[in-house]
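Taken together, the values in this text are just the output of simple stated rules run on the coordinates, not laboratory data. Every value quoted in this text rests on a predicted model; they were computed, and no experiment measured them. We place every Cβ from the backbone using ideal geometry, glycine too, and count neighbours over all the protein chains shown.
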Amino acid sequence: MTNSIMRKGFIALLGMLFSTMLWAHGGAAGTDTDQCKFELEPEHWIHYTAYQPIAYPAEDFCGNIPKTGTLTQLVFDYQDVRYRNRAVEFEVTKEPEGKRVFFQAAKKHKSGTVVLKLANGVPEPGKYLIHITLKGAEGENLDAHMSFVAGKGMSTSATSLFMYFLFLLAGLYVVYLSHAGFKAKVDELLSTAKKKI
C-alpha cells in the first residue's frame, strides 16, 4: 500500500516537473521573468524567439544563437494589440561595427506576429543587435533594441542538466522497483547510512 502511494506521488511529481507550462521562460509565468522580450514602453513588450529549423529543428533560442550561416528565423509577437496598427521596421546589425546584416522596411503586421527569415543566418560569430522601430504619427517612433550572440554552439543549460538528472533518478527508481537484487543492495546501503547518522 505504501509503495503504491509512493509510486503515484513520484509519478505526479515528475508530471509537474516536466510540464511545459512550468518551465516556459525560466519556469515562471508572465513577462517579469521573460528574458526574450523588448520593452517598447513601460509595461508594454514585444516577445522574441529565434529558431534554426535546419540545424536545430526542436530548439528555440533567445540570447545565444548557436550556428552561423544557416537559416535563422526571428519571431516577434506583440503583447499589446494597439501596436498592430503601427508600421514596424526591423534591422539586425553586427556589433560593435554596426554593419547591417538584415533589414525589413516598415510595414504593418495585423496578426501581431512577425517572422523574419534570414536565409543564410548571420555571416560570422559574434555579437549582434536587433533594432525595432514602431513608426508613429508625426515622427513619434518607439525604438527597442536587443542583443544576441551567434556562433558559440549549443550549450547545455542548467535547466537541461537538472532535467537529465531527474530522468536518471526516475530510471534508477524504476530499476529499484523492478529488480530485487538492486533493491536489496540499495536498502542495505540506506540501512547502513541510517545507522551512521
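Distance from the Cα centroid of region 165-194 to that of region 127-155 is 51 Å (rounded to whole angstrom). Which FRET efficiency, nearest 0.05, do R82 and K107 yield, Cβ-Cβ r, R0 22 Å? Rounded to the nearest 0.05, the efficiency is 0.85.
Across region 105-111, computed HN-Hα scalar couplings (Karplus, 6.51 cos²θ - 1.76 cosθ + 1.60, θ = phi - 60°) run 4, 4, 7, 7, 10, 5, 6 Hz from first to last residue, x flagging Gly and Pro.
Sorting Y173, Y51 on the 10 Å Cβ count, fewest up front, what's the list?
Sorted ascending by nearby Cβ count, the order is Y173, Y51.
Classify region 156-197 from the C-alpha gyration tensor, please: rounded if a/c falls under 1.5, else prolate or oblate depending on whether a/b exceeds b/c. Oblate, since a/c reaches 1.5 and b/c is not below a/b. Here the 3J(HN,Hα) profile of region 71-83, calculated from phi with Karplus coefficients 6.51, -1.76 and 1.60 at θ = phi - 60°, is 3, 10, 10, 10, 10, 10, 10, 6, 9, 9, 4, 5, 7 Hz, Gly and Pro shown as x.
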